[in-house]
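Every number in this text was worked out from the coordinates using simple rules, so none of it is lab data. Quick caveat, the model's predicted, so the values are computed rather than measured. Note: ideal-geometry Cβ built from the backbone for every residue, glycine included; neighbour counts use all protein chains shown.
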Amino acid sequence: MKYAYYPGCSLRGTGRAYEESLLAVFQALEIDLQELEDWNCCGATTYMSVDELTSYALAARNLALAERDHMNVVAPCAACYLVLNKTQRYMHDYPDIKLVVSRALAAIGLHYDDHVQVRHPLDILLHEVGLKAIAAKVKTPLKGLQVAPYYGCQIVRPYATFDDQRNPTSMDRLLEACGAKIVHYPLKTRCCGGSQKGTLPEIGLELIRHLLTEAQNNGADVIATVCPLCQFNLECFQKEAGNHNHPISMPVLYFTQLMALALGASGEAIGLQRSLIPIEPLLARKEIAYA
Amino acid sequence: MPEIPSSAIESSRERPRIGVYVCHCGTNIAGIVDVRAIVEFAAKLPGVVVSRDYKYMCSDPGQALIQQDIAEHHLNRVIVASCSPLLHEATFRRVLSRAGLNAFLLQMVNIREHVSWVHLNQREATEKTKDLVRAAVRRVSLHKPLQKRRVSINPHVLVVGGGIAGIHAALTLAEAGKQVYLVEREPTIGGHMAKFDKTFPTLDCAACILTPKMTAVGSHPRIHLWTYSEVVRVEGYVGNYKVKVRRKPRYVIEDLCLGCQECVTACVYKEAKNPDEFNLGLSKRKPVYLPFPQAVPQKVVIDPQTCIQFKSGKCKKTCVEACGDRKAIDFTQKETIEDIEVGTIILATGFKTFDPVRNPYYGYGRYANVYTSLEVERLINASGPTAGEIVLRDGGQPKAVGIIHCVGSRDANTNRWCSKVCCMYSLKLAHLIKERTGAEVYNFYIDMRTPGKGYEEFYDRLLDEGVHFVRGRVAEVSDWATHPSEKGRLVIRVEDTLAAFVRRIPVDMVVLSVGMEPQPDAQDVRRLFNISCSTEGWFLERHPKLAPVSTFTEGVYIAGACQGPKDIPDSVAQAGAAAAEAMALIDAQFVELEPYTAFISEDQCSGCKTCIPLCPYQAISYMEEKKKAAINEVLCKGCGTCVAGCPSGSIQQNFFEDEEIFEEIEGVLAYA
């Protein structure tokens, strides 16, 4: 198995731990990733709402590069995953968009014929590697670790390509295969507030508070995410979201960090030290002796 | 076939004297087409003797006008520019007949559906009308007198579908002395109604009013009841349909089975393990079973998917032992095909309920205590899986129940239409649940739609009974508890649009009032019977107001919810109407067919036989002595395939002769 790895901006910025742990997991499971050569901005959601066509063209350039190299794309960031998928669908469904985007690509000597699959790591780990193969490679089972699986919106809405739209379970099953205990978490696809925390802070905070308190109430030790923005929102505003009587202190990790730990990676290698709310004391308490 | 009088042929050969009649259709046509301009334009066309307009040409004075002109001006051709010929061609042909002209010397121009209803610009609409009228004038000059063919009608009737509509239609016809074949796909008749507990608004028990009719069907000497059967082929035409019915093997010989069910008791499975279809999986049945206690026919059926004998061939066959000398069980039974001949067909194939898995935010299939309304019908049914007691899937009894209306109805994401029955059955369920459990019952509605005799009064009664009504479309059902009172319950989140705030209402049971949808195989069925469907997939009636149970295929009628969402009273009314229409046709004893048959000009036919295999109706034969093809007019349906296929152009079709069509085309294209 060989895929074109599309990091996007987040995995080189706030989401560095996501990249570090993702690469560790894929290496442990012997999935070959080759970084897409000369990749550019995915055209993410904010760009999409300002200038749609340019955004499609940006995304399409990445798709065209992957097609030239005859590889399918792995897009770990939920926003990249959605924009690349959306571009592909819109180019397929709307000939006029395809026409304009194709012209833009032709100007730089590229073209795109709809031959690339854009896939999320959850999808590849579950459907290409499989739970059995993963369980067989687990070195440090996450025994006793109670995880709230939080998927956010973009990998299931509007396109639920590999999981159930309202009740996705791919991450649940992957983390269970690593020995973790999944707690009941009915808010798993609810809004994290996106960029509301910057524009309408009170509303953003209220959405974040729901997610954190529900995880806390259901006995979670840690929240697992698939999206750099979700991770950021849930981790950075815990002091504000809690109060004197109900303080919140909940580690928020990428699901790949938890998987990598189970597969034998060291904490340093997968960016545990980057967390604002450290998980190390918890792991020590649970006697999970990771490398 | 009656001969065309020679005088008619003579008059048609005279120089054309054409009358053109332009209809206003109130403002339907005159609102967009300049009718006066058309009249003046037509008056100048060659052959036109008189040209007039009138407010409603189809009315008595309009018809009299044409009739009078024919006599006064010695017209020998008539053009009516009005609505679709589907609507009034027959009307105006009768006018010609009454005036002594051959009916086929008429040409209709459809300036309503084809012009005024689809154009916004008056000038363009008027110009288009002129083109169409000019084409008709040129075409009609070439019309020849034709005579309709008469064929006799087979008095037997096929009714497809054994729900309440099919049952009522079959009984009505049988009581009137007709032989009826009633074909039902399931092992029992009864349809959806047999699953209901009570019926709105009178709350009479569905079984009490339905099962006597089912029994009457089962025992009627003039009804051939074929359950577990499907129509697989339909050939022929009005009055003379040839139908093939596939009877699936139930592995029980119907004539020998007494319905004693000793085989069911004796089955090697001591416990029933398979989901019971009739109870929508809320209970279990054995591989050999009676669909439900009042099933008609009272004959068991064996499910080969779950029966050990079929799976391994190594069953002890205790059922056969129990059946003993009756020997009704036959594991070797094969499907059979029955050939029948009928004159008319009534389709009453019903509906399916919306699958709420498609609305994932209501949690159906995820939360045990979310039910569909049909499941609740079984749950509260005295003969249902819990004998009428409301026991939830998790074993508890509900203290609060939310009924969500319009699930799969009035929703751009699923089905846009109103399913018509849900408001009323939701009220009924609310009443019954409150009566049985004393629970607080909430109805979440968009609009309450209760038109019907006694319906609004029933709604009033529910308001008095203290059932809660919240106006708003429910956003979601979840088990996300934000307060201790919500723990372990289902929380309904809804914007209360009357109180203008978002509410969270914790309940123990959610009922999804699922809408009605066309049957999943409605498209296959419509092709089988050669009828049309609306875009939504409901069977299309000939006219929504004036021919609600007829279809565009003569002799095929529709009744009940296969035509659109309908409650029981409406379904029964339609079934009665369809039966009456069928009887009207049968009692007339013959039907007239359009004379649009193909004919061969023998001088030109080279005897190449190309046309013979092309004919779908085996209407063409080869005359050995003359070395020419010949068309049997009685068998010819006028499809035109041979006309197009003939290499020498020697086959023509009445009313669609080449020169008529070419003249029409030239007329459209000849800008004046």
Applying the gyration tensor rule to the Cα atoms of region A:125-166 (axes a ≥ b ≥ c; rounded if a/c under 1.5, else prolate if a/b exceeds b/c, else oblate), the class is oblate
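Which percentage, to the nearest 5, of the DSSP beta bridges contained in the protein assembly as shown is antiparallel? Each step should come with its number before you reach the end.
Values: 50 of 116 bridges.
In the protein assembly as shown, approximately 45 percent of DSSP beta bridges are antiparallel ones.
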The aspartates and glutamates whose Cα lies under 16 Å from the Cα of residue A:139, excluding any fewer than 8 residues away in the same chain, are A:30, A:176, A:287
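Fewest to most neighbouring Cβ within 10 Å: what's the order for B:220, A:115, B:88?
On the way: B:220 16, A:115 10, B:88 19.
Exposure proxy ranking, most exposed first: A:115, B:220, B:88.
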Note: residue B:368 to residue B:475 extended length (0.36 nm per residue) minus current alpha-carbon separation gives 36.6 nm
Spelling it out for residue B:407: with amide H atoms placed in the peptide plane at 1.01 Å from N, the residues 5 or more places away or on another chain with amide H under 5 Å from its amide H are B:513, B:515
proj_area_mean for the protein assembly as shown (convex hull on C-alpha atoms), units nm², value 52.6 nm²
PRE zone check, label point 7 Å out along Cα-to-Cβ of residue B:40, amide N under 15 Å, scope region B:103-128, hits B:123, B:126-127
Contour minus Cα-Cα span, residue B:68 to residue B:397, at 0.36 nm per residue, comes to 110.7 nm
Rounded to one decimal in nm, the spacing of the 7 Å Cα→Cβ label points at residue B:567 and residue B:310 is 3.9 nm
Rounded to a whole number, the mean other protein chain Cβ count within 10 angstrom for residues of B:79-88 is 0
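Going by C-beta contacts inside 10 Å, put B:513, A:249, A:102 in order with the fewest on the left.
The order, fewest Cβ neighbours first, is A:249, A:102, B:513.
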If amide H atoms are modeled at 1.01 Å from N in the peptide plane, then the residues at a separation of 5 or more from residue B:81, or on another chain, having amide H under 5 Å from its own are B:21, B:22, B:23, B:109
About its Cα centre, region B:262-326 carries a charge dipole, from +1 on Lys and Arg Cβ atoms and -1 on Asp and Glu Cβ atoms, whose size in debye to the nearest 20 is 240 debye
The distance between the Cα centres of region A:57-92 and region A:252-291, in whole Å, is 31 Å
The pairs in B:198/B:316; B:128/B:420; B:213/B:270; A:188/B:399; A:86/A:188; B:148/B:244 lying past 31 Å Cα-Cα in this model are B:198/B:316; B:128/B:420; B:213/B:270
Between the modelled labels at residue B:627 and residue B:273 (7 Å from Cα along Cα→Cβ) the distance in nm is 7.4 nm
Checking rank on B:656-669, B:339-352, B:30-43, with mean other Cβ inside 10 Å and highest first, the result is B:339-352, B:30-43, B:656-669
With x for Gly and Pro, the residue-by-residue ³J(HN,Hα) of region B:442-456, computed from phi through the Karplus equation 6.51 cos²θ - 1.76 cosθ + 1.60 at θ = phi - 60° and given in whole Hz, is 10, 9, 10, 10, 8, 9, 8, 10, 10, x, x, 5, x, 6, 4
Across A:209-221, the residue-averaged tally of Cβ atoms belonging to other chains within 10 Å stands at 1
Ranking B:408, B:485, B:383 by how far each Cα lies towards the positive end of the charge dipole of region B:382-515 (+1 on Lys and Arg Cβ, -1 on Asp and Glu Cβ), the top one is B:408
Highest mean packing first, using Cβ neighbours within 10 angstrom, the peptides B:16-24, B:207-215 sort as B:16-24, B:207-215
Sorted by chain and then number, the residues having a modelled amide H within less than 5 Å of the amide H of residue B:469, at least 5 places away or on another chain, are B:443
Scan of chain A for GluC sites (Glu not before Pro) in DSSP loops with at most 11 other beta-carbon atoms within 10 Å gives a longest site-free stretch of A:38-267
Rounded to one decimal in nm, the spacing of the 7 Å Cα→Cβ label points at residue A:35 and residue B:361 is 4.1 nm
Reduced to Cα centres, the span from region B:88-164 to region B:636-672 in Å works out to 17 Å
Relative to the compact-globule estimate 2.2 N^0.38 Å (N residues), the Cα gyration radius of chain A stands at a ratio of 1.00
Mean other chain Cβ within 10 Å across B:475-486 is 2
The ³J(HN,Hα) series, computed from each phi in region A:267-273 with the Karplus coefficients 6.51, -1.76 and 1.60 at θ = phi - 60°, rounded to the nearest Hz and given as x for glycine or proline, is x, 5, 5, 10, x, 4, 5
Computed curve, region A:2-119, Cα-only Debye sum without solvent term, log₁₀ I(q)/I(0) at 0.16, 0.19, 0.20 Å⁻¹, is -0.70, -0.96, -1.05
At the level of C-alpha centres, the distance separating region B:403-481 and region A:115-145, in angstrom, is 45 Å
Here the alpha-carbon Rg of region B:1-131 over 2.2 N^0.38 Å rounds to 1.05
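DSSP loop (so not H, G, I, E, B), at most 11 other Cβ within 10 Å: list which trypsin sites (Lys or Arg not before Pro) in region B:509-586 pass both filters.
For trypsin sites (Lys or Arg not before Pro) across region B:509-586 that sit outside H, G, I, E and B with at most 11 neighbouring Cβ atoms in 10 Å, the list reads B:545.
Between the DSSP loop rule and a limit of at most 16 other Cβ atoms within 10 Å, which GluC sites (Glu not before Pro) in region B:405-482 are left?
B:465
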Highest mean packing first, using Cβ neighbours within 10 angstrom, the peptides B:404-415, B:257-268 sort as B:404-415, B:257-268
With only helices counted (DSSP H, runs n ≥ 4, each -39500 (n - 2.57)), the per-residue ellipticity at 222 nm for chain B, to the nearest 500, works out to -8000 deg cm²/dmol
A student applying the Cα gyration tensor rule (rounded when a/c is under 1.5; otherwise prolate if a/b is larger than b/c, oblate if not) would label chain B oblate
